[in-house]
Structure formats: C-alpha cells, structure tokens
Amino acid sequence: MVVSISAAAKGALPPDDSPVIASQAMLRIFANVDQVAPSVVPVLILGETGTGKEIIARSIHGRSGRRVKPFRCLNCGGLAETLIEATFFGHERGAFTGATDRKSGVFEAAHQGTVFLDEVGELPPSGQAALLRVLETKSITRLGGIDEISVDVRIVAATHRDLEAMCATGQFRWDLYYRLNVVGISLPPLRERPEEIAPLAKRFVQAAAQVNQRSVSGISAQAIEHLVGYTWPGNVRELKNVVERAVVIARGVQVEVADLPANFQRAPCLREVPPVPDGTVTIPGPNLGVGDADGVICGEVTEDLGRVGPVLDYKTQMQQAERRVLLAALCRAELNQTEAAKLLQMPLRTLVHKISALGLRDELSRLKVERRRT
C-alpha cells in the first residue's frame with residue numbers, strides 16, 4: 001500500500017529530494033526520524049548505495065534544534081589516509097607543505113550543528129581512532145597546533161557495509177561502532193518497496209523535464225511496468241538517473257519503453273503468479289535444497305499464509321518467497337541464525353532484521369519448542 005507522507009515527514013525532507021509518497025516501511029522510518037531528531041545522540045543509518053541515506057541524515061538535522069546551524073557532509077570513502085586528521089580537525093599555518101593559512105576542519109566548522117559521515121565503514125584504522133577521540137573528548141586540536149578546541153556536534157553516520165561483521169574480523173573498532181550505533185535506522189532497498197517506483201518515476205520525470213527544459217509531462221504505463229520489473233541494484237539514485245536520461249532523449253510528450261535503456265526494454269514485465277494451493281507453503285527439509293518442492297523440515301512444518309484472492313500482489317508474492325527461503329535456511333542450520341546467514345551468504349544483522357520484518361519470530365519459537373519435544 002502506498003500512503004501519503006504526513007506533513008511532519010514532508011517537512012523533514014529537502015524540497016528537491018522529498019518523495020510525495022511512501023510505503024509503510026518508509027513511513028515507519030520517517031516516524032523514527034521525527035522521534036530521534038530532537039535528541040543529540042549519534043545515529044547510524046544502514047542501507048545499500050542509493051537508498052537515500054544522506055536524505056535521511058539531512059532530515060534528522062532539519063527536524064532538530066540544530067537546523068539553523070551548519071550541516072557538514074563528509075564522504076569517508078573519498079578521504080586519503082594522510083589527509084584524514086587535517087580534514088577532521090583542520091590545520092595551523094605551516095603545519096605541512098602547502099598549509100599557507102589556518103583552516104578549520106569539518107568538526108570545528110559544524111560547531112553546534114551536525115556532521116554527516118557517509119560511508120563511515122571505509123575509514124582506515126587511523127581515521128577510526130581520530131573519530132573515536134572526538135566522540136569521547138568532544139574536542140579537537142588542529143594539525144600543527146597545541147590548543148584544544150571544544151566542539152559541540154551531532155554525529156550522523158551511514159554505511160552500506162556490515163559493520164558488525166567488520167568488527168568481528170578486526171576491520172572496524174567495536175568501541176567506535178557502539179559509539180556510532182546509539183540509534184540505528186535501516187533503509188530497505190527499492191526492490192523491497194516496489195510500490196514506490198511508479199510515483200517516484202513520475203516525480204523524477206517532472207523534475208528532469210524542468211531542469212533540462214523538456215516538454216515531457218509523463219511516463220507511459222508500459223514504461224512503468226518495465227521499471228517495476230527491474231531489481232534496481234542502484235536503488236533510488238539509479239531510478240532517478242534512468243528517468244532523467246529517458247526524459248532527455250524522449251521523442252514525445254511522455255517517456256515510452258523505447259526511451260528507456262536497452263536492458264530495460266528487454267526486461268520482462270511482471271506477470272500474475274497463481275496463489276499457493278489452500279494458502280499453505282511447505283518448507284524444504286534440512287537435507288534438501290531450497291528448490292526442492294517435497295521437502296519436510298522439523299517434522300511436518302507448514303506456514304499458514306492465510307486465504308488469498310485469485311491473484312497475489314507483487315509485494316505479497318515476494319514476501320512469501322523470502323519467508324520460504326529464510327525458513328528453509330534456518331531449518332537446514334537447525335535454527336542457528338549465524339549458520340543460516342552463512343548458508344544464505346547474508347550478513348547476520350540483515351537476517352535478524354528480516355526475521356523480525358517478516359514476522360518469523362513466532363514461527364521460529366514454535367519450531368524450537370517442537371525440536372525440544374523430539
């Protein structure tokens with residue numbers, strides 16, 4: 001279901017980037033933004049590339065008491081290790097070759113405001129130590145200087161990487177992870193909220209037409225079908241780029257399938273999938289592959305998905321398929337979530353999140369009870 005964003009959520013987003021609709025999943029995220037924004041605690045935003053992590057960070061700043069103060073954005077993945085301290089803390093004149101003037105760093109420039117550290121998982125060990133020092137002491141010393149300067153900043157960090165897994169392998173500091181992850185916000189990828197694709201595409205058409213001075217006013221239903229049938233590894237950013245390209249080369253007053261990139265023209269449109277007989281799904285057994293249809297797990301385990309109509313909507317189909325795959329892996333791993341995550345080649349954190357989001361906790365509890373009885 002697609003729902004209009006509340007006035008509060010609209011106000012939390014920049015006018016040029018805020019969507020006019022949102023799925024239930026995104027509405028919950030906007031509600032979290034409203035709840036956490038007035039505080040001063042650090043926030044860690046997790047999500048794939050292109051899901052809009054910076055928009056959420058700006059939303060947090062825009063809804064906070066710091067909104068009239070600076071917002072500084074720093075991409076940690078683009079920092080040379082030798083420049084990290086100078087970028088974070090600034091430098092005094094003569095601190096190094098080429099330092100002809102005193103310069104403030106990101107934290108000093110954002111005093112009483114917000115620092116957004118994008119791709120914080122890319123920081124090398126020296127950068128992690130420097131960041132941890134600021135979080136603990138709330139002060140900085142310019143490179144080449146001796147005076148400590150107090151800084152009052154709110155930290156919002158983001159990454160597409162699994163920081164817990166990086167901590168486990170020594171690539172990221174546990175103490176820094178705990179400092180950053182006081183409040184966590186996970187952004188679902190676009191493929192998990194396909195109901196947003198059409199409204200976003202239409203809005204991007206309007207924006208691209210205005211910026212590029214084109215008389216394109218819409219997008220055809222057939223083109224929308226091809227967009228919805230795509231998996232969007234680049235998420236919202238990729239959708240925006242594809243639509244803008246289509247607007248620029250469009251031959252008519254609306255974007256057609258022929259205006260989309262070649263791989264979108266070849267993509268099959270979504271087709272209706274018949275419902276599972278009797279509303280029941282059988283999960284493959286621990287000794288069988290996920291694709292086996294006649295498997296049995298933990299005894300005769302089935303999941304009642306409820307009665308459905310003659311056709312399931314796309315989101316429901318995908319959720320059912322995902323539930324089947326996750327339960328199959330969990331049972332093959334004897335309900336051990338760590339082992340199941342390895343089988344799925346999925347970060348443990350992601351599996352735990354999906355178990356909760358798909359309502360599998362009760363099912364797992366029931367399976368554990370049955371295993372104890374046997």
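The values are calculated or read from the model by the stated rules, or taken from the named source; none is laboratory data. Predicted, not measured: the structure shown is a model, and the values here were computed from it. For neighbour counting, all protein chains shown are included, and Cβ atoms are generated from backbone atoms with ideal geometry for every residue, glycine included.
Of all the listed residues (242, 257, 281, 247), the sole one being modelled with pLDDT of 85 or more, among the aliphatic types (A, V, I, L, M) and touching a strand residue (DSSP E or B) at 6+ places or on another chain (Cβ under 7 Å) is 247.
Hey, can you tell me all the residues within region 50-71 that are among the basic types (Lys, Arg), in contact (Cβ under 8 Å) with a residue 60 or more places away in the chain and farther than 18 Å from residue 122 by Cα? Result: 66, single match.
For region 187-197, check the following and say yes or no: at least one residue is over 30 Å from residue 90 (Cβ atoms) and over 17 Å from the mean Cα position of the chain (by Cα). No: zero hits. A search for C-beta distances below 9 Å between a residue of region 72-85 that is assigned to a strand (DSSP E or B) and any residue that is of a type in the set (Gly, Ala, Ser), counting only pairs 6+ apart in sequence or on different chains, returns 72/109; 72/110; 72/113; 73/57.
Is there a residue in region 322-345 that is over 29 Å from the mean Cα position of the chain (by Cα), modelled with pLDDT of 50 or more and either among the hydroxyl-bearing types (Ser, Thr, Tyr) or not assigned by TED's automatic domain parsing to the domain that holds residue 47 (or both)?
yes
Going by the structure shown, is residue 147 under 24 Å from residue 63 (Cα atoms), among the charged types (D, E, K, R), over 22 Å from the mean Cα position of the chain (by Cα) and in the same structural domain as residue 45 (by TED's automatic domain parsing)?
The answer is no for residue 147.
In region 335-374, the residue that is nearest to residue 166 (Cα to Cα) out of those that are exposed (fewer than 14 other Cβ atoms within 10 Å of the Cβ) and in contact (Cβ under 8 Å) with a residue 40 or more places away in the chain is 371.
Can residue 60 be described as at pLDDT 95 or above, in a helix (DSSP H, G or I) and assigned by TED's automatic domain parsing to the domain that holds residue 30? Criteria met by residue 60. Note on region 98-131: residues that are assigned to a loop (DSSP other than H, G, I, E, B) and either at pLDDT below 90 or outside the structural domain of residue 46 (by TED's automatic domain parsing) (or both) amount to 6.
Just to be sure, is residue 264 part of a helix (DSSP H, G or I), more than 30 Å from residue 112 (Cα to Cα), out of contact with any His (no Cβ under 7 Å at 6 or more places or on another chain) and aromatic (Phe, Trp, Tyr)? First the steps, then the outcome.
Working: part of a helix (DSSP H, G or I): yes; more than 30 Å from residue 112 (Cα to Cα): yes; out of contact with any His (no Cβ under 7 Å at 6 or more places or on another chain): no; aromatic (Phe, Trp, Tyr): yes.
Taking the combined requirement at face value, the residue does not satisfy it.
Screening 175, 147, 152 for residues that are surrounded by fewer than 19 Cβ atoms within 10 Å (Cβ to Cβ), of a type in the set (Asp, Glu) and within 13 Å of residue 90 (Cα to Cα) leaves exactly one candidate, 147. Consider residue 183 carefully, then state whether it is β-branched (Val, Ile, Thr) and under 22 Å from residue 60 (Cβ atoms). Yes: the conditions hold for residue 183. Kindly indicate whether any position in region 210-221 is buried (at least 18 other Cβ atoms within 10 Å of the Cβ) and either in a helix (DSSP H, G or I) or in contact with a Phe, Trp or Tyr (Cβ under 8 Å, 6 or more places away or on another chain) (or both). Within region 210-221 (the criterion being buried (at least 18 other Cβ atoms within 10 Å of the Cβ) and either in a helix (DSSP H, G or I) or in contact with a Phe, Trp or Tyr (Cβ under 8 Å, 6 or more places away or on another chain) (or both)), the answer is no, since none of the residues qualifies.
Hey, can you tell me all the residues within region 86-97 that are over 21 Å from residue 150 (Cα atoms) and either under 39 Å from the mean Cα position of the chain (by Cα) or not in a loop (DSSP other than H, G, I, E, B) (or both)?
Hit for region 86-97 is 96, nothing else.
Going through (1) without any contact (Cβ under 8 Å) to a residue 60 or more places away in the chain; (2) in contact with a Leu (Cβ under 7 Å, 6 or more places away or on another chain); (3) among the polar types (S, T, N, Q) one by one, residue 181 falls short only on (1). Restricting region 108-144 to residues that are within 20 Å of residue 186 (Cα to Cα) and of a type in the set (D, E, K, R) leaves a set whose member that is surrounded by the fewest Cβ atoms within 10 Å (Cβ to Cβ) is 122.
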